[in-house]
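Quick notes on the structure that follows.
The values are calculated or read from the model by the stated rules, or taken from the named source; none is laboratory data. Just so you know, these numbers come straight off a predicted model, no measurement behind them. All Cβ positions, even for glycine, are placed from backbone atoms using ideal geometry, and neighbour counts span all protein chains on display.
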There are 2 protein chains.
Amino acid sequence: MNNFVFQNPTKLIFGEGQIARLAKELPRDKKILVTFGGGSVKANGVYDQVVEALKGFDYLEFWGIEPNPKVETLRKAVEICKAEGIGFLLAVGGGSTLDGTKLIAAAAVIEQDAWELVCNPKVYGGTLPFASVITLPATGSEMNRGAVISNVATGEKYAFYNTFPTFSILDPTTTFSLPPFQVACGLADTFVHVMEQYLTTTGISPLMDRWAEGVLQTVVEVAPKVRENQNDYDAMATYMLSATMGLNGFIAMGVPQDWATHMIGHEITALCGTTHGQTLVIVLPGVMNEMREQKSSKIVQFGERVWGITEGTTDERIDRTIAATEEFFRSLGLATRLSELGIGEDVVEEIVRRFRERGTLLGERANVDYAIVERVLRQRM
Amino acid sequence: MNNFVFQNPTKLIFGEGQIARLAKELPRDKKILVTFGGGSVKANGVYDQVVEALKGFDYLEFWGIEPNPKVETLRKAVEICKAEGIGFLLAVGGGSTLDGTKLIAAAAVIEQDAWELVCNPKVYGGTLPFASVITLPATGSEMNRGAVISNVATGEKYAFYNTFPTFSILDPTTTFSLPPFQVACGLADTFVHVMEQYLTTTGISPLMDRWAEGVLQTVVEVAPKVRENQNDYDAMATYMLSATMGLNGFIAMGVPQDWATHMIGHEITALCGTTHGQTLVIVLPGVMNEMREQKSSKIVQFGERVWGITEGTTDERIDRTIAATEEFFRSLGLATRLSELGIGEDVVEEIVRRFRERGTLLGERANVDYAIVERVLRQRM
């Protein structure tokens with residue numbers, strides 16, 4: 001096991017009716033900015049519950065944080081924080097709303113522009129405290145420090161790290177009305193988050209392996225129930241908890257990670273606007289196949305413990321494991337080939353060009369170069 | 001899934017050489033009381049590492065916190081805290097040293113006697129911050145709020161809850177020199193902690209089930225390696241991490257618990273001085289057998305996923321699961337029958353008398369009364 005430092009102070013408040021606890025958790029001596037995405041929280045009743053809980057608090061509303069939150073939008077909220085003396089931020093919505101709020105909270109306490117924080121972490125000078133009510137289980141943002149921020153003007157999209165949310169409220173009933181495609185992408189995103197922390201060298205931490213496999217097994221088991229009936233409280237609660245536990249550091253203690261699939265997926269989103277979770281399920285089987293020798297031991301373990309594949313040669317087991325993984329993604333109703341989405345040769349060439357020019361090396365051992373990326377993408381056409 | 005609130009802010013600092021990080025983590029503007037148990041930390045080099053890291057800090061040492069820490073001892077440390085203006089506590093040793101320190105830290109900031117805190121939680125008035133260097137993996141105290149405190153004068157032993165440790169440092173090399181019996185009891189304690197959070201109603205949280213089973217599977221796999229070679233770093237690290245993850249709330253989100261085995265075990269320790277982990281492995285198979293109808297579904301799941309028992313009638317599977325569990329405890333070199341430790345009829349009668357007089361009802365559904373306790377103990381003779 002590698003040495004590690006783990007800490008995650010976020011207070012997780014989980015269950016039906018918990019949005020009312022905002023009245024207890026929010027500070028009464030600070031002016032609060034409540035941030036929202038589009039209007040879905042008005043349609044599903046979340047907004048009404050929040051307003052009810054916030055009676056008697058001093059707060060403002062900021063609307064319009066979009067999926068893949070744009071720094072151009074977030075700057076407006078930063079101005080409001082500074083002008084209005086905001087002391088606490090509450091994000092209400094999906095992971096993007098919270099991601100954007102993480103940047104607003106940090107940008108509100110410095111003089112530099114918000115995008116500076118993304119490009120140059122040294123500018124970070126602390127943060128306003130922030131919390132969330134999360135309605136779309138996928139990103140894990142509710143219990144981690146990360147955010148992904150886009151800049152329309154420069155065509156860039158990068159990760160940013162703030163501190164952890166003070167608290168996050170997760171009420172599974174808020175997911176009942178989510179569009180099924182978003183749910184499918186959320187399940188896929190959760191699955192691939194775990195894979196990126198798991199599909200590395202074997203034997204580093206048997207316990208972390210078991211916990212990663214535990215999230216994968218749970219997602220695989222609950223996915224058909226979720227797909228069948230989005231009003232199944234227990235199924236949605238299990239999906240929601242799995243999404244949070246998939247990316248809050250709990251399965252990452254003392255183990256290496258490998259985010260190659262995400263890095264390649266981000267480029268597809270950047271070029272084609274494809275939903276994040278959808279890109280991941282296209283890319284992952286290709287990465288597994290290209291890394292089949294280096295990762296053979298872990299792929300075999302994954303196949304055995306998650307898909308029950310216990311027979312055949314190593315190569316046969318790896319083939320069947322990759323096929324089972326792709327089959328699971330297809331069972332979610334997602335495409336697993338670029339061509340299904342009309343993504344062609346030109347996009348592949350542009351992505352390969354970008355990785356070649358940047359000299360980016362991906363993966364656990366930083367040995368996934370542009371040539372391997374090209375082979376991954378060509379087999380996913 | 002049940003509604004829940006989860007929060008665990010402890011910073012976990014894990015790995016070889018991490019004791020040196022004390023110099024970075026401890027406050028320089030506060031007077032520190034460093035608490036110890038007996039002298040084992042002087043023999044294994046931990047004390048020297050702590051003293052080296054504490055160069056330049058303003059600190060005092062307090063020695064002599066015993067296994068099953070006694071309030072009589074802890075009061076002396078409370079007096080020192082008050083007289084010397086101590087502002088931070090660092091426990092160095094096993095779970096008992098830290099348990100005792102949790103009480104010292106809370107008693108140092110109130111006027112009432114320390115035992116008042118144990119008997120009447122309303123007396124709690126905050127705490128001095130505290131942290132730990134843990135050298136015996138077992139109790140999980142390093143990442144939870146709990147402590148168990150004894151009172152020699154009154155013959156009582158109760159749980160006490162403070163806040164979480166600020167940080168805990170776990171260096172697996174500090175466990176290399178532990179007495180093998182302590183290691184066996186630590187493995188057993190970890191296993192039973194998980195069972196008490198797991199062996200309840202099925203289907204409440206599939207993810208928490210998987211994570212609990214993951215700790216159990218890991219402990220079962222690593223135990224022979226630990227028993228064979230206590231200098232195996234990876235094995236000891238896995239055991240150490242499992243002990244912490246077994247009782248820090250990570251496997252307890254939204255699920256019921258059932259601490260009947262611990263409650264019965266505590267009585268054996270109180271009457272006979274038997275080591276805690278040793279009592280648990282005697283009691284657990286009896287509790288499983290007595291609760292075999294109520295818990296049949298979970299026992300079958302446990303048998304299948306942890307012991308690979310997949311065939312036979314439900315009753316046969318339960319029998320084989322209980323037998324496999326007892327066999328595992330015996331493989332640790334522990335006794336699994338009261339008679340092996342010379343504990344006889346008189347002790348059983350006294351324990352049953354106590355439960356009858358107190359009217360205590362144990363278990364997930366509070367339906368384990370003195371009559372069931374008697375049946376449990378008689379079959380473990």
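A compact table of results
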read-out: Flag for A:Ser242 being closer than 30 Å to A:Gly17 by Cβ, at the interface with another protein chain (Cβ under 9 Å from one of its Cβ atoms) and buried (at least 20 other Cβ atoms within 10 Å of the Cβ); value: yes
read-out: Out of B:Val255, B:Val220, sole residue that is over 30 Å from B:Met381 (Cα atoms) and more than 9 Å from chain A (Cβ to nearest Cβ); value: B:Val255
read-out: Selected residue [without any contact (Cβ under 8 Å) to a residue 12 or more places away in the chain, touching a helix residue (DSSP H, G or I) at 6+ places or on another chain (Cβ under 9 Å) and not hydroxyl-bearing (Ser, Thr, Tyr)] from A:Lys42, A:Lys55, A:Lys70; value: A:Lys42
read-out: Single residue of region B:228-239 satisfying the filter (buried (at least 17 other Cβ atoms within 10 Å of the Cβ) and out of contact with any Lys or Arg (no Cβ under 7 Å at 6 or more places or on another chain)) that is farthest from B:Trp307 (Cα to Cα); value: B:Gln230
read-out: A:Ala252, sole failed condition from (1) touching a helix residue (DSSP H, G or I) at 6+ places or on another chain (Cβ under 6 Å); (2) over 23 Å from A:Glu326 (Cβ atoms); (3) part of a helix (DSSP H, G or I); value: (3)
read-out: Tally, over region B:121-132, of residues that are surrounded by fewer than 23 Cβ atoms within 10 Å (Cβ to Cβ) and either among the aromatic types (Phe, Trp, Tyr) or part of a loop (DSSP other than H, G, I, E, B) (or both); value: 6
read-out: Selected residue (only one of B:Thr275, B:Thr279, B:Thr261 is among the polar types (S, T, N, Q) and surrounded by fewer than 24 Cβ atoms within 10 Å (Cβ to Cβ)); value: B:Thr275
read-out: Residue tally, condition among the charged types (D, E, K, R) and under 16 Å from the mean Cα position of the chain (by Cα), over region B:149-205; value: 3
read-out: Given (1) within 25 Å of the chain's Cα centre (by Cα); (2) touching a residue at least 40 places away in the same chain (Cβ under 8 Å), index of the condition B:Arg375 fails; value: (1)
read-out: Residue in region B:191-201 that is among the polar types (S, T, N, Q) and either at positive phi or outside any helix (DSSP H, G or I) (or both) present; value: yes
read-out: Single residue of region B:315-349 satisfying the filter (polar (S, T, N, Q) and out of contact with any Lys or Arg (no Cβ under 7 Å at 6 or more places or on another chain)) that is nearest to B:Gln379 (Cα to Cα); value: B:Ser339
read-out: Segments classed as helices (runs of 4 or more DSSP H), wholly inside region A:1-120, with at least 2 members that are surrounded by 15 or more Cβ atoms within 10 Å (Cβ to Cβ) and away from chain B (no Cβ under 14 Å); value: A:40-43, A:46-53, A:71-84, A:95-107, A:114-119
read-out: Cβ pairs under 7 Å, 6+ apart, first in region B:333-347 and modelled with pLDDT of 95 or more, second assigned to a loop (DSSP other than H, G, I, E, B) and surrounded by 11 or more Cβ atoms within 10 Å (Cβ to Cβ); value: B:Arg337/B:Arg380; B:Arg337/B:Met381; B:Leu338/B:Arg380; B:Leu338/B:Met381; B:Ser339/B:Met381; B:Leu341/B:Thr274; B:Leu341/B:Ala335
read-out: Residue within region B:271-289 that is within 14 Å of chain A (Cβ to nearest Cβ) and part of a helix (DSSP H, G or I) present; value: no
read-out: Region B:112-149, residues that are under 20 Å from B:Pro179 (Cβ atoms) and among the hydrophobic types (A, V, I, L, M, F, W, C); value: B:Val133, B:Ile134, B:Leu136, B:Ala138
read-out: Pair list, Cβ under 7 Å, 6 or more apart: region A:306-323 residue assigned by TED's automatic domain parsing to the domain that holds A:Gly286, other residue charged (D, E, K, R) and in a loop (DSSP other than H, G, I, E, B); value: A:Ile318/A:Arg292
read-out: Number of positions in region B:293-312 that are part of a loop (DSSP other than H, G, I, E, B) and either within 19 Å of B:Phe191 (Cβ to Cβ) or among the hydrophobic types (A, V, I, L, M, F, W, C) (or both); value: 3
read-out: Residues that are in a helix (DSSP H, G or I) and crowded, with 18+ Cβ neighbours inside 10 Å, drawn from region A:325-340; value: A:Thr325, A:Glu326, A:Phe328, A:Phe329, A:Leu338
read-out: Region A:154-176, subset modelled with pLDDT under 95 and not in a strand (DSSP E or B), residue farthest from the other protein chains (Cβ to nearest Cβ); value: A:Gly155
read-out: Region A:17-28, residues that are of a type in the set (D, E, K, R) and without any contact (Cβ under 8 Å) to a residue 40 or more places away in the chain; value: A:Lys24, A:Arg28
read-out: Subset tally (residues that are touching a residue at least 60 places away in the same chain (Cβ under 8 Å) and surrounded by fewer than 14 Cβ atoms within 10 Å (Cβ to Cβ)) for region B:293-305; value: 1
read-out: Per-region count, region B:350-381, residues touching a Lys or Arg at 6+ places or on another chain (Cβ under 8 Å) and under 20 Å from B:Gln278 (Cα atoms); value: 2
read-out: Conditions (1) in contact with a Pro (Cβ under 8 Å, 6 or more places away or on another chain); (2) within 14 Å of another protein chain (Cβ to nearest Cβ); (3) not small (Gly, Ala, Ser): number failed by B:Pro137; value: (1)
read-out: Looking only at region B:198-217, and only at residues there that are closer than 16 Å to B:Ala243 by Cβ and surrounded by 23 or more Cβ atoms within 10 Å (Cβ to Cβ), the one that is nearest to the other protein chains (Cβ to nearest Cβ); value: B:Gly214
